[in-house]
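Working notes for the structure below.
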Amino acid sequence: MTRLRIAYLCDMDPLDTNLYSGGNARMFEALSAHADVTALPQDWGMADPVRRAILAMPDRVNLRARWRAHYALRAMTARRVQSFLQGYDVLFGAYALHSLAGVRVPSDMVMAFTSDAVQTVYRESAVGAAHGGRSMGRVLDRWTERREAAVLRRLDLALWPSDWLRTAVDERYDLAAGVGHVVEWGANIPPLPDPGPRVLEGPVNLLVIGRNWFAKGGPIAFEVLNILRGHGIAAHLTVIGCTPPQAHRNAHVTVHPQLDKSVPADLAVFDAALSSAHFLVQPSYESYGFAFCEASAYGLPSLCLRVGGVPVRDGENGYALAEGSGPDAFARIIRDLWADPARYAALSRSARTTYETRLNWGAWGRRVIDKLHDAVDRKRT
């Protein structure tokens, strides 16, 4: 099979492993294993002074300002992208739908895109409602959605990591049949040898991973810890990535405020925490969730909410509870599995199998390359 020539477009450098939770870099690497991939420049051409000014703003401001300005300046930014497209088979966009705004590709070139969210879908979902922050943006909502639709309806392939997002985009934007596909993303860690099934004995070790304690459902995880201990089950909670308020800490909580997995010492701490945990307890509102993929790599069952596109399937790599489920419901699952060690071991084995077959970047890359080849063939026959 001839290697495809792919022009890779994102609004941030795909070689930076710290951006987009590492997903941008993992995608670039996974595609590069099967194709000749070139990262296109992220500047806006003649409009680049605007981009640089926006990037100088505080983080809480520049994200929304950046994509809105990108849409508004699409005539100039698109010309910049188009000047690099000669000689490629595919223009592949990642995360930043706005980077594709106004871009017209040659008639024999495939335009593909992947992200775990589209702004309007996210905004109107339970995930977006949980995170709020819309007051000043409402006046631009319809304008933004028209800009999104103009990009999405030009795509040859829309590669979403979840059924939730594919269905929502197809229905809202009326995409043509065959454009939208589900290809689940992988774990943002190096390939991990099979650790073998876990044994649920001794203290029950709970884990929360994320930069925002409240957004990741940390208060519920803390209450689960207390409920288990109240039932006579020794339990411990480890938190990675944030610092809970004092009210959610006690002698049974260990906190690692920030870990950079590109730093070997930090990765070792991360590895030890996931290797010793028994449950990732993360009742968060998010459109995907790399932490669930990482947990599966370790054979670690995840307990979460059935909200958004979480990659957790009941009885395979954990359990996703109905929205509104509280700490008692999560604690009940843990107590049931505590009473049935064989069932827990089987769930742990199944979680690892889920990682090996679906939730790794090698599997993502192979599936995406196959779809890109098919799309290119269709365009050129």
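The values are calculated or read from the model by the stated rules, or taken from the named source; none is laboratory data. The shown structure was predicted, so the numbers you read here are calculated from the model rather than taken from an experiment. In this analysis, Cβ positions are derived from the backbone assuming ideal geometry, glycine residues included, and neighbour counts consider all displayed protein chains. The area values use the complete protein model at the heavy-atom level, side chains included, leaving out ligands, DNA and RNA. Shrake-Rupley method; radii C 1.70, N 1.55, O 1.52, S 1.80 Å.
Some values worked out for this structure:
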{"quantity": "Exposed-loop-free span, longest in the chain, where chymotrypsin sites (Phe, Trp or Tyr not before Pro) count as exposed if DSSP calls them loop and at most 15 other C-beta atoms lie within 10 Å", "calculated": "215-381"}
{"quantity": "Principal-axis tilt of helix 163-173 within the chain, Cα atoms, nearest 10 degrees", "calculated": "40 degrees"}
{"quantity": "Label-to-label distance, nm, for residues given as Ala322 and Ala65 (7 Å Cα→Cβ offset)", "calculated": "4.4 nm"}
{"quantity": "Net charge over other residues, Cβ less than 13 angstrom from the Cβ of Asp48 (K, R count +1; D, E count -1)", "calculated": "+3"}
{"quantity": "Cα-based Rg and Dmax for the chain, where Dmax is the largest Cα-Cα distance (Å)", "calculated": "21.6, 68"}
{"quantity": "Cα→Cβ-extended label distance, 7 Å offset, between Ser32 and Met76, nm", "calculated": "3.1 nm"}
{"quantity": "With every protein chain in place, the chain: carbon and sulfur % of accessible area (1.4 Å)", "calculated": "52 percent"}
{"quantity": "Proximal lysines to Lys216, defined as alpha-carbon separation beneath 22 angstrom and excluding residues fewer than eight positions away on the same chain", "calculated": "Lys261"}
{"quantity": "Options Pro301, Val118, Asn212, ranked by Cα towards positive dipole end of the chain, top entry (Cβ charges)", "calculated": "Val118"}
{"quantity": "The chain: most fluctuating residue of Gly318, Gly196, Gly23 per GNM, C-alpha cutoff 10 Å", "calculated": "Gly196"}
{"quantity": "Qualifying trypsin sites (Lys or Arg not before Pro) for the range 169-251 [loop in DSSP, other Cβ within 10 Å: at most 14]", "calculated": "Arg211"}
{"quantity": "Cα-based shape type of the range 30-130, given that a ≥ b ≥ c are square roots of the gyration tensor eigenvalues and the cut on a/c is 1.5", "calculated": "oblate"}
{"quantity": "Cut-off under 5 Å, modelled amide H: who pairs with Ala39 long-range", "calculated": "Tyr8"}
{"quantity": "At R0 = 22 Å, FRET efficiency that the Cβ-Cβ distance of Ala339 and Val269 yields, to 0.05", "calculated": "0.10"}
{"quantity": "Cα-based helix-to-principal-axis angle, 218-230 vs the chain, degrees rounded to 10", "calculated": "20 degrees"}
{"quantity": "The chain: angle of helix 327-338 to the longest principal axis, Cα-based, in degrees nearest 10", "calculated": "70 degrees"}
{"quantity": "Reach of Lys379 by Cα under 17 Å, taken over lysines that are not fewer than 8 positions away in the same chain", "calculated": "Lys371"}
{"quantity": "Relative contact order (%) - the range 50-203, alpha-carbon pairs under 8 angstrom, separation at least six", "calculated": "18 percent"}
{"quantity": "Segment Gln246-Ala329, length gained on full extension (0.36 nm per residue, minus Cα span)", "calculated": "27.4 nm"}
{"quantity": "Local net charge near Val37, Cβ-Cβ under 10 Å (Lys/Arg +1, Asp/Glu -1)", "calculated": "0"}
{"quantity": "Probe 1.4 Å, protein heavy atoms only - accessible area per residue of the chain in square angstrom", "calculated": "43 Å²"}
{"quantity": "R0 of 41 Å, Cβ-Cβ distance Asn226-Trp143: FRET efficiency to nearest 0.05", "calculated": "0.30"}
